[in-house]
Amino acid sequence: SIWGFVVSLPVTVINSLPLVVQSAVPIGPVAVVGTAVFLSGFVLEAVADFQKNRFKASPEGKDKWIESGVWSLCRFPNYLGEMSLWWGVYAMGFPILQTKYVWTAVSPLFTTGLLLYVSGIPLLLEEHAKRYGKNPEFRAYAERTPILLPWTGPPKNKGFPKQDANKSAEGKEK
C-alpha cells in the first residue's frame, strides 16, 4: 500500500545505506528524544487500543463511547500515539537523514495529515456526532475533552456539524 511505503521511508533509506555510513554518525540528543517519543507513542496507542477494546467488550460499552483511562485526556489518544510513533521514528534516524535524506520527513507528515484531515479524526468526529450527538452526556464529554492534545483546554471545534444560522438544532427552518 502507499501508506506502508511512505511511512517506512526513513527506515528503508537508513537500512539501504552501507553500515559504514550508519555507524559513522553518532547518536545525538535528537535520536534520544526520538526514541522517547517513539516509545511513548507506541505505549499510548497500545494502551488506548487495549482500553477501548476492553470497554467495547463489556456490557456498559455497548452503544456507548469510552471516556475513561487515556480517553479522559483526549478523544483520540490512539491517533496521538500513532502520530507520535512515526515522528519518533523519523527523529531517531534524523542524525543520518538530516543531510540529503531530510525529504523522508514526508513519512510522519503523511501519517499526521491523513489522521488529522482525511481518514482519521474527521470521519470519526462525523460518526460520533451522528451516533451520540443528541446525548447530553456525550456532548458534555466532547465539550470538556480536547480532540487530540491533552491538557490544551476544551476544544474550539467540538466535532459537531456547524448549524446553519437559519436552522434550529433539529434542522428545521426558523
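Observations, loosely collected:
- Residue selected from segment 136-147 under the condition in contact with a helix residue (DSSP H, G or I) (Cβ under 9 Å, 6 or more places away or on another chain) and within 13 Å of Trp65 (Cβ to Cβ), by the criterion surrounded by the most Cβ atoms within 10 Å (Cβ to Cβ): Ala142
- The residue that is farthest from the chain's Cα centre (by Cα), counting only those in segment 137-172 that are outside any loop (DSSP other than H, G, I, E, B) and modelled with pLDDT of 55 or more, is Glu137.
- Taking the criterion of being open to solvent by 60 Å² or more (accessible area, probe 1.4 Å) and β-branched (Val, Ile, Thr), the residues of segment 1-36 that qualify are Ile2, Val11, Thr12, Val20, Val21, Ile27, Val30, Val32, Val33.
- Candidates Pro77, Pro108 - the one that is under 22 Å from Glu143 (Cα atoms) and buried (at least 22 other Cβ atoms within 10 Å of the Cβ): Pro77
- Residues of segment 5-29 classified as part of a helix (DSSP H, G or I), farther than 30 Å from Ser72 by Cα and modelled with pLDDT of 80 or more, total: 11
- Residue in segment 37-46 that is nearest to Pro77 (Cα to Cα), counting only those that are of a type in the set (A, V, I, L, M, F, W, C) and open to solvent by less than 60 Å² (accessible area, probe 1.4 Å): Leu44
- Residues that are surrounded by 13 or more Cβ atoms within 10 Å (Cβ to Cβ) and of a type in the set (A, V, I, L, M), drawn from segment 47-74: Val47, Ala48, Ile66, Val70, Leu73
- When residues in segment 1-25 are screened for being free of Cβ contacts under 8 Å to residues at least 60 places away in the same chain, more than 23 Å from the chain's Cα centre (by Cα) and closer than 17 Å to Ala105 by Cα, 2 of them pass.
- Filtered residues of segment 95-125 (kept if assigned to a helix (DSSP H, G or I), over 18 Å from Val6 (Cβ atoms) and modelled with pLDDT under 90): Pro95, Ile96
- Number of positions in segment 111-123 that are farther than 30 Å from Leu17 by Cβ and open to solvent by 40 Å² or more (accessible area, probe 1.4 Å): 6
The values are calculated or read from the model by the stated rules, or taken from the named source; none is laboratory data. Note that the structure is a prediction, hence the values are computed from the model and not measured. Methodologically, a virtual Cβ is constructed for each residue, glycine included, from the backbone with ideal geometry; neighbour enumeration extends over all protein chains shown. We work out accessible area using only protein heavy atoms, side chains counted, and drop any ligands, DNA or RNA first. Shrake-Rupley method; radii C 1.70, N 1.55, O 1.52, S 1.80 Å.
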